[in-house]
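Trainee: Got a structure for you, written out below as structure tokens; questions coming shortly.
The values are calculated or read from the model by the stated rules, or taken from the named source; none is laboratory data. The structure displayed is predicted, hence computed values, not measured ones. Ideal geometry is used to build each Cβ from the backbone, glycine not excepted, and the neighbour counts take in all protein chains shown. These accessible areas exclude ligands, DNA and RNA; they are computed on the full protein's heavy atoms, side chains included. Shrake-Rupley method; radii C 1.70, N 1.55, O 1.52, S 1.80 Å.
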Amino acid sequence: MVRTVILLILLTLFSVTTAQESCVSNERIVGEITQTVEQPHEFIKENLDSPWLRIMYQPTRNSTLEKYLVFQPDEVLDIEKIQESIRKLRQTRFIWDASYQLVESGDCATDVLISVTDTFPFKPELSFSRKSRGNNYSIGVTNSNVSGTGALFQFEYKHEKLRDQRRIKYD
């Protein structure tokens with residue numbers, strides 16, 4: 001029992017020295033990670049209380065954004081990892097722009113503020129054509145950010161003279 005207590009005290013002292021050593025060696029640690037999501041258009045900002053707009057547009061969830069982050073709180077601050085995370089966010093189909101800001105919060109910690117701008121998720125699709133077999137048309141809709149989760153939903157109805165097609169895709 002005495003050995004266990006001594007071992008616990010030594011482990012506690014070792015972990016405190018390690019944190020102090022990282023401060024002495026000028027290594028910053030990632031503190032809090034805060035994410036803000038901005039609406040894509042002024043129209044959405046002005047009409048966000050409209051019920052039909054709330055159905056069509058829901059901001060990207062923080063849990064969805066966290067999937068693209070390659071760094072975690074309490075890690076040593078690595079600017080390359082933060083820039084890689086921003087690059088991954090910009091490559092998604094539901095984020096228009098992403099940026100970050102570092103804020104020193106004292107005691108060797110630096111908070112990371114991530115700001116993203118959503119794209120408007122609904123895109124209508126409509127096409128007409130005329131061929132020797134008759135008129136062809138297709139109509140559809142795509143939602144690139146279903147309920148703020150980043151999931152893709154597509155529906156398309158296509159009419160040709162010999163057949164009709166319906167396609168639904170959820171990814």
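Trainee: Working carefully through the options 134, 140, find the one that is more than 19 Å from residue 68 (Cβ to Cβ), open to solvent by less than 50 Å² (accessible area, probe 1.4 Å) and in contact with a Pro (Cβ under 8 Å, 6 or more places away or on another chain).
Mentor: Of the residues listed, the single one that is more than 19 Å from residue 68 (Cβ to Cβ), open to solvent by less than 50 Å² (accessible area, probe 1.4 Å) and in contact with a Pro (Cβ under 8 Å, 6 or more places away or on another chain) is 140.
Trainee: Also: If you scan the range 73-87, which residues turn out to be surrounded by fewer than 18 Cβ atoms within 10 Å (Cβ to Cβ), under 19 Å from residue 150 (Cβ atoms) and of a type outside the set (Lys, Arg)?
Mentor: Once the filter is applied, which keeps residues that are surrounded by fewer than 18 Cβ atoms within 10 Å (Cβ to Cβ), under 19 Å from residue 150 (Cβ atoms) and of a type outside the set (Lys, Arg), the range 73-87 yields only 84.
Trainee: Here is a list of conditions, (1) open to solvent by 90 Å² or more (accessible area, probe 1.4 Å); (2) under 21 Å from residue 75 (Cβ atoms); (3) without any contact (Cβ under 8 Å) to a residue 24 or more places away in the chain, and residue 163 meets all of them except one; can you say which number that is?
Mentor: Looking at each condition in turn, residue 163 falls short on (2).
Trainee: From 30, 103, 37, grab the single residue that is free of Cβ contacts under 8 Å to residues at least 12 places away in the same chain, touching an Asp or Glu at 6+ places or on another chain (Cβ under 8 Å) and assigned to a strand (DSSP E or B). Before you say what the answer is, go through the steps one by one.
Mentor: Working: 30 fails: free of Cβ contacts under 8 Å to residues at least 12 places away in the same chain; 37 fails: free of Cβ contacts under 8 Å to residues at least 12 places away in the same chain.
Residue meeting the stated conditions: 103.
Trainee: Among the residues of the range 120-132, is any modelled with pLDDT of 90 or more, out of contact with any strand residue (DSSP E or B) (no Cβ under 8 Å at 6 or more places or on another chain) and of a type in the set (S, T, N, Q)?
Mentor: Within the range 120-132, not a single residue is modelled with pLDDT of 90 or more, out of contact with any strand residue (DSSP E or B) (no Cβ under 8 Å at 6 or more places or on another chain) and of a type in the set (S, T, N, Q).
Trainee: I'd like the residue in the range 88-104 that is under 23 Å from residue 31 (Cα atoms) and open to solvent by less than 60 Å² (accessible area, probe 1.4 Å) and, out of all such residues, is modelled with the lowest pLDDT.
Mentor: Once the filter is applied, the top-ranked residue is 103.
Yes/no matrix, rows are residues, columns are (1) in a strand (DSSP E or B); (2) over 26 Å from residue 32 (Cα atoms):
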position: 81; (1), (2): no, no
position: 93; (1), (2): no, yes
position: 116; (1), (2): yes, no
position: 120; (1), (2): no, yes
position: 127; (1), (2): yes, yes
position: 137; (1), (2): yes, yes
position: 142; (1), (2): yes, yes
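Trainee: Take residue 70 and decide whether it is outside any strand (DSSP E or B), open to solvent by less than 60 Å² (accessible area, probe 1.4 Å) and β-branched (Val, Ile, Thr).
Mentor: Answer is yes for this residue.
Trainee: Would you please name the residue that is nearest to residue 108 (Cα to Cα), looking only at residues in the range 45-76 that are modelled with pLDDT under 75 and of a type in the set (Lys, Arg)?
Mentor: 45
Trainee: Right, another one. Output the number of residues of the range 106-122 satisfying the condition of being farther than 29 Å from residue 147 by Cβ and either charged (D, E, K, R) or open to solvent by 60 Å² or more (accessible area, probe 1.4 Å) (or both).
Mentor: Final tally of qualifying residues: 1.
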